[in-house]
Every structure is written in C-alpha cells, then in structure tokens.
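Following: one structure in structure tokens, then a few remarks.
Bear in mind that the values in this text are calculations on the coordinates, not laboratory data. Remember, it's a predicted structure, so these values are computed and weren't measured experimentally. Cβ placement follows ideal geometry from the backbone for every residue including glycine, while neighbour counts extend to all protein chains displayed.
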Amino acid sequence: MDKAAKRWLSAALIGAMLGLSCRRKQDAPVAVVVICDLSASIDPEARVAMFRSVESVASTLRRGDSLAVIPLTGDTENESSGRVLRIEISAKREVYDEDLRRDAAEARKSLEQMAEWAMNSPSGQTDLLGALAVAREELSGVHRNHRSFVIVLSDFIQDDARFNFEKDPKLADPATAKALAAEFAAREGKPLEGVRVFLGYLRSQDLGALSRERRTAIRAFWVEYIKRLGAAPWCVADGPGLVLRFLDVARTNRTAS
C-alpha cells in the first residue's frame, strides 16, 4: 500500500470510528464478518476498493457491535491464524471516547498490515470453503442477542488442494454445481441459520478467462451452498460498491434480494 493510500485509510478510519453514534434502544447489536480475497488473480484496483469497503463497514459500527476481517488465502483455516482482524465496540462509553481512538489506531495498523501482505505476498490459490468455516467459528462466540452478517468479497473461484472450480467438471453447468453444493452442505447441517450473507464479486483475471456458463455455475454453487447452510444470501456483481447497501437493508430487516 502506497503512502497516499495509507494516509487516506488512517484519516478515514479515525474519522469514521470517532463519529460512531450511540445505539438507539430498539436496535440489536450486530456482528459482522468480512472475508477478503487476497489471491493474486484479483485486479489491483479491485483490491484497493475491497479494503476501502472494509473501512466503510467499520464506519457503520455502533456501540455493542463487532467486526472480524478474515484474509482469504489458499489454506485459510491454517494461514488465517494470527491474521484475523477483530474490532469490538464497547457498549459502555469511555471519557472523551478514548476507546474509539484506541480501536481506530489498532484497526488502522491491522488493515495496513493485511493490505501490505496482500500486495507483497498474494496467494496463488483460494480456499473460500475454509474461510467460511473460519467465519462460522467467529460467529459461534457471538451472543444470541446479536444479529449476524457475513460479507464475502472475492472472485469465488475455489482453488485449493481439493478443488479447482476453473476446471472441475462438476462446475461446468448450474445443475451439477447445485448438486455439488447440496452434497457439501449435507455434511454440515445449518450452521448459518438466520445469518445474512453478502456474496460480492471482485474483478479477477481468472474469472474473466472463464466461459459464461462456468461463471454462472460457480455463482449457482455458492448461492445454493449458502442457502443449504441456513443463511439468506445476496449475490451481486459489484462487491465493494454494494456492501453498505446490503448492511443498510439487513439492519432494517428488509429482504435484500
């Protein structure tokens, strides 16, 4: 991340978090988990937009809310250890909002480190299935009175030691893709029951090289998989551009699709 981008991120995070409003009594706190695709195929401009959208998500947090940012790599369950960014906004206000200043500084440092890691050591593969497992672990510790949201920003091409969605024959058409999703989900129950899930695409070299039918099949796989896990998915082409709309709709309990 260059110096200008760092200054922008620093100012934006501090301004956003210090500007947090107190929660209205009727609002339930929310827990947001964001999965950020750090694979090498993601367009550099799309990667910058992704990190800016994460900052925008942080700016929507209110007292009592929490945010976890999970880096999506080729072995997410292993490589995310020690790299997950967690922000918890205390429900109790400190004098002069000193807690928000600390949270802003810590978030700024962690996001800068994640962005630099993505730029300097981009992942050659993508393990979104593993990242969703990590997201479920994050949400498992959330208090029952929280509303839970998962935001995925990716090209959605699963590519790890088990699967390569660019070539796997089961991802050649939507029908077989949905069948594969149902098979996977059947082993897991409904761990995302009641969770709103945002599936937002990022521009990607690998995605652009695929046929339209395979892209449609990949999308069908993830929508079906998320539904089978018990969640309500909203899949959009412009991931970074529609994150805030999703959160606004989800917070007010309207249907996003």
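Lys and Arg at +1, Asp and Glu at -1: add these up for the other residues within a Cβ distance under 10 Å of ASP206 and post the number.
Details: positive: none; negative: ASP155, ASP159, GLU166.
Around ASP206, the surrounding residues sum to -3.
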In segment 188-223, which GluC sites (Glu not before Pro) fall in coil by DSSP and have 13 or fewer other Cβ atoms within 10 Å? GLU193
